[in-house]
1. Among the residues of region 41-58, write down those that are touching a Phe, Trp or Tyr at 6+ places or on another chain (Cβ under 8 Å) and either at pLDDT 95 or above or over 22 Å from Met86 (Cα atoms) (or both).
2. Here are some residues: Glu92, Glu55. Which one is over 18 Å from Asp42 (Cα atoms) and surrounded by fewer than 14 Cβ atoms within 10 Å (Cβ to Cβ)?
3. Is it the case, given these coordinates, that Leu85 is over 19 Å from Glu105 (Cβ atoms) and at pLDDT 95 or above?
4. Quick check on region 82-97. Is at least one of its residues over 19 Å from the mean Cα position of the chain (by Cα) and in a loop (DSSP other than H, G, I, E, B)?
5. What pairs come up if the first residue lies in region 85-98 and is more than 15 Å from Ala52 (Cα to Cα), the second is among the hydroxyl-bearing types (Ser, Thr, Tyr), and their beta carbons are under 9 Å apart, counting only those six or more places apart or on different chains?
Amino acid sequence: MTAPRKTAEQGDWAVPASSARVQPSPLSLSPAVALARAALPDITTQPFDGIASAEREGPGWRVVIEVIESPARLGDNDLLAAYELMLDAEGELLSFRRLRRYHREEREP
């Protein structure tokens, strides 16, 4: 981090804007995941399968949710889709996109 420098006009300490930090989301992990899951019916009617990942992204959260796009007729090789949901610091849905479609047996370890 850049050392603070004294400004001539005010006589106080200032940190250059380039080193300013983004404030983390006031939401913790569990509420962020719950809000992302609650937003799922607005995105797709496909049934929820699981949470693939959740991580802070800037001031908000990035949550990846898996849904069953097409149930398998035999066995357990459903066609799944992973959706990325971006939440702001208050948990509002900003954007979503489908990342990929794959069969359950092709899931990453």
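The values are calculated or read from the model by the stated rules, or taken from the named source; none is laboratory data. Every value quoted in this text rests on a predicted model; they were computed, and no experiment measured them. Please note: Cβ atoms are built from the backbone with ideal geometry, for glycine as well, and neighbour counts cover all protein chains shown.
1. Residues of region 41-58 that are touching a Phe, Trp or Tyr at 6+ places or on another chain (Cβ under 8 Å), as a first pass: 43-44, 54-55.
Correct list: Ala54, Glu55.
2. On the way: Glu92 fails: over 18 Å from Asp42 (Cα atoms).
Step by step, each of Glu92, Glu55 is checked, and only Glu55 is over 18 Å from Asp42 (Cα atoms) and surrounded by fewer than 14 Cβ atoms within 10 Å (Cβ to Cβ).
3. Working: over 19 Å from Glu105 (Cβ atoms): yes; at pLDDT 95 or above: yes.
So Leu85 passes the test.
4. Step one: list which residues in region 82-97 are over 19 Å from the mean Cα position of the chain (by Cα), which gives none.
Checked against the condition, which is being over 19 Å from the mean Cα position of the chain (by Cα) and in a loop (DSSP other than H, G, I, E, B), region 82-97 yields no hits at all.
5. Pairs that qualify, where the first residue is more than 15 Å from Ala52 (Cα to Cα) and the partner is among the hydroxyl-bearing types (Ser, Thr, Tyr), are Leu87/Ser25; Asp88/Ser25; Ala89/Ser25; Glu90/Ser25; Gly91/Ser25.
Residues checked against (1) surrounded by 13 or more Cβ atoms within 10 Å (Cβ to Cβ); (2) modelled with pLDDT under 90; (3) of a type in the set (Ser, Thr, Tyr); (4) under 10 Å from the mean Cα position of the chain (by Cα):
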{"residue": "Ser25", "(1), (2), (3), (4)": "yes, yes, yes, no"}
{"residue": "Ser30", "(1), (2), (3), (4)": "no, no, yes, no"}
{"residue": "Val33", "(1), (2), (3), (4)": "yes, no, no, yes"}
{"residue": "Gly60", "(1), (2), (3), (4)": "yes, no, no, yes"}
{"residue": "Ile65", "(1), (2), (3), (4)": "yes, no, no, yes"}
{"residue": "Gly75", "(1), (2), (3), (4)": "no, yes, no, no"}
{"residue": "Leu80", "(1), (2), (3), (4)": "yes, no, no, no"}
{"residue": "Arg100", "(1), (2), (3), (4)": "no, no, no, no"}
{"residue": "Glu106", "(1), (2), (3), (4)": "no, yes, no, no"}
